[in-house]
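Read the structure below first, then the notes.
The values are calculated or read from the model by the stated rules, or taken from the named source; none is laboratory data. These figures come from a predicted structure and were not determined experimentally. Note that each Cβ is placed from the backbone with ideal geometry, even for glycine, and that neighbours are counted across all protein chains shown. These accessible areas exclude ligands, DNA and RNA; they are computed on the full protein's heavy atoms, side chains included. Shrake-Rupley method; radii C 1.70, N 1.55, O 1.52, S 1.80 Å.
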Amino acid sequence: MVRSIDAGVPGTATGREGPTGAGRWALAGLSLSMLLSSLGTSIANVGLPTLAHAFDASFQQVQWVVLAYLLAVTTLIVGVGRLGDLLGRRRLLLSGILLFTVASALCGAAPTLWLLIAGRAAQGLGAAVMMALTMAFVGETVPKERTGRAMGLLGTMSAIGTALGPSLGGVLLSGFGWRGIFYVTVPLGMVTLLMIVRQLPVAGPPLSPFGSLGSSRPAFDHVGTVLLAVALGAYALAMTLGHGHVGPLTGVLLAAAVLAGVLFVRVEKRTASPLVRPAMFRDRALSASLVMSTLVSTVMMATLVVGPFYLTRALGLRDAVVGLVLSTGPLVAAATGVPAGRVVDRWGTYRTTVAGLGASALGCVLPAVTPVSFGVLGYVVPLAVVTGGYAVFQTANNTAVMRGVEPSRRGLVSGVLQLSRNLGLVTGTAVMGTVFALASGVSDVAVAGVGVVGFAMRVTFGVGAGVVLLALAVGLGAGPLRGSSRP
C-alpha cells in the first residue's frame, strides 16, 4: 500500500488504484479552486468597454481592473506560498478562498471605479493563495505514482476557467450588467470553500512564521518578500503599461525592478530564514523547469496578442467569429490535460516534457510557413497543436517539480513554479507584440494590409518556434527531470 505524506490523516489514505472517495472529493475541491482563480483572470476583460461607459472613465483607467488582479497575483504568489508552509497550507488556502469570495461580492457592489480596482486587488491576493497552494496539496491527496493525473486535472480546470471567462462574461453582461461578472464567482467560491473545509485533510501543526529567540523554527522573511514584490510589480508594470515600447516610464520601472531584484538577492544570502534559498536554483532540474516554463509561456501569448490582428485584418473575420476561433486554444488545453497526466504517469516526466515541447515547436512552425490562403483552418490547426503541446508540457513539468519537493517547502516551490508561468505570460504580452509590430514595419498595425499582417504573423511565430526550441535545448541539457529537486 502506497500512502501519501499525511498517511495517518483521515481522507488522505491512498492506494495504487488511486485516492479514496474522500481523496477524490478533496481533489475536486482543489480543482474548483484552480477554476476560480483562472476564471477571475479572464472574465473581467470582456467587461472593460462597459465599465468605461458605466464609470465615465478612459480605457487607461479601466484597464487597472485587469492590472490590479494581475499585479496582486504576480507580486505575492511566492510570498503566500512560503507563508502557507509556515502557517499551515490548509488554513491559508481557506483564508484565500474566503478573501476571493468576499472580494468578488465587494467588486460587484462597488460604487466607484477605484473601489472596484481595490476589490480586484484583494481578489488577486486570494487568487495568489489559491494558485500557490492548490498544487502543493496534490502530494497530500493522491499517491506519488498518480501525481501526473492530478496535475493534468488541475491544468484542465485552469484552461476551462480561461476559456469560460470571455463567453460567460459576455452572457452575464447582456443579462445582468457588469456587476454580474463579479457576483457570479460568489456562489462558486462558497461551494469551493465548503468542499475544502469538509474534504481537505488537516495536516500536522505548522511552523511559526515569526520564530522566537533560541528557536530553530524559521521566521517569515518580511524584507525579502517586500523586495521581491517590488521587483516583480515594477517589471510587470513595465511590460504591461509600456506595451513593449521603451519610454521614460518603462525605463524607470525596469531600473526599479533591477535594483529591487539585486537587493533581494543580497538580503536572501544574508538572512537566516530566506524567502527563497539561492541554493535551490543550483538544482539543474528545478532551474531548467522554471526556465522552460517561462520561455514557453512567453510564446503562448502570441496566440492572444497576434491572433486577433491576423484573424481580423488578414482573414477578415468578425469579432464574434474571432472569439470563437481563439477559444480553440483553451478548449484543446482543457481536453488535453487529463490524458496528458495519464501519459506522464506511464511514460515519465522527461519523455513527456520533450514530446510536449516538440509539439509546441511544430505548432509554431506551421503558421510560420502557412500562406494566408489556407484561411481559418491554417490558423486553427497550428493553434490546436501548439496549445495541446503546451498542456502536455505543463503537466509533465509541474509533475517533475512537485513530485520531489519535501513537504515543508511545497507551498514555496509551487508559488515559484506558478510565478515562472506568470512572468512568461507578462513578458510575452510585450515581447511578442513588439516582434509583430516590428515585422509589420508600419506605425499602426490595426490598419495594416493583408500581406503585411500575414508576413508579420509568420515572423512572430517563427521567433516563437525558436524560443520553444531553446526551451527544449534547456530541458535536454538538464537531463531527465525526475522530480529530484530538494530546495
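Could you give the distance between the Cα centres of region 322-377 and region 99-140, to the whole Å?
30
Can you tell me the FRET efficiency between Ala255 and Leu115 if r is taken as the Cβ-Cβ distance and R0 is 45 Å, rounded to the nearest 0.05?
The formula returns an efficiency of 0.90 here.
Regarding the chain, what whole-number volume in Å³ per residue does the convex hull of its Cα atoms give?
Residue-normalised Cα hull volume stands at 139 Å³.
Using the Cα atoms of region 144-206, I'd like the radius of gyration and the largest Cα-Cα distance, Dmax, both in angstrom.
My reading of the Cα-based Rg and Dmax gives 16.1, 48 Å.
Based on Cβ point charges of +1 for Lys and Arg and -1 for Asp and Glu, what charge dipole magnitude is obtained for the chain about its Cα centre, in debye rounded to the nearest 20?
1180
Are there trypsin sites (Lys or Arg not before Pro) in region 253-328 that DSSP marks as loop and that have at most 15 other Cβ atoms within 10 Å, and which are they?
Filter output for region 253-328: Arg318.
Output ³J(HN,Hα) for region 106-112: one whole-Hz value per residue in order, computed from phi by the Karplus curve 6.51 cos²θ - 1.76 cosθ + 1.60 with θ = phi - 60°, and x for Gly and Pro.
5, 4, x, 9, 4, x, 10
Given bins 5 angstrom wide, list per bin the percent of all Cα-Cα distances in region 238-347, short to long.
Computed distribution, short to long bins: 2, 9, 9, 12, 15, 14, 13, 12, 9, 4, 1, 0.
Between Leu438 and Arg284, what length comes free when the chain is fully extended (0.36 nm per residue of separation minus the Cα-Cα distance, one decimal in nm)?
Once the chain is fully extended between Leu438 and Arg284, it gains 51.9 nm.
Radius of gyration and Dmax for region 17-120's Cα atoms, expressed in Å?
Values for region 17-120 (Cα only, Rg and Dmax): 16.5, 57 Å.
Report in % the part of the accessible area of the chain that belongs to carbon and sulfur, leaving out ligands and nucleic acids; probe 1.4 Å.
69
What's the FRET efficiency of Val450 with Ala105 using the Cβ-Cβ distance as r and R₀ = 51 Å, to the nearest 0.05?
Given R0 = 51 Å and the Cβ-Cβ separation, E is 0.65.
Please turn the phi angles of region 31-40 into ³J(HN,Hα) values with the Karplus equation 6.51 cos²θ - 1.76 cosθ + 1.60 (θ = phi - 60°), one per residue in order, whole Hz, x for glycine and proline.
Once rounded to whole Hz, the list reads 5, 5, 4, 5, 4, 4, 5, 6, 5, x.
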